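Reading through the structure tokens given below for one structure.
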Amino acid sequence: MAVIFAIFLRDKVTTGSVVGLLASLPMYLLFGWVLAKIGYQRQTYRALREQTLARKNTVPSAPATRSKPAATRRTSSGPSSRRPTNKPKKR
């Protein structure tokens, strides 16, 4: 990578950029090692395609119905929540 960096950016290459590029390799390897240690495995494109096709081919089940939440003082409506006419509106 450093060689490609030096070939394409001949005029703009500084020692700091090359050192930074070379220092990033151990960090990349360390990050990969940590991910492998915790059990991360990349999925192949074939596996991702199979999952997508499986999702598209499945028949959707009945839509999930949610029960209504219990009424609260702010959400209840109807005649029981109307304000008496003799009290002024709060602001």
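The values are calculated or read from the model by the stated rules, or taken from the named source; none is laboratory data. Computed from a prediction, not measured in an experiment: that's the story for all the values here. For neighbour counting, all protein chains shown are included, and Cβ atoms are generated from backbone atoms with ideal geometry for every residue, glycine included.
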- Message: Just the residues that are of a type in the set (Asp, Glu) and part of a helix (DSSP H, G or I), please, taken from segment 1-44.
- Response: none
- Within segment 16-54, track down each residue that is out of contact with any Leu (no Cβ under 9 Å at 6 or more places or on another chain) and modelled with pLDDT under 80. Val18
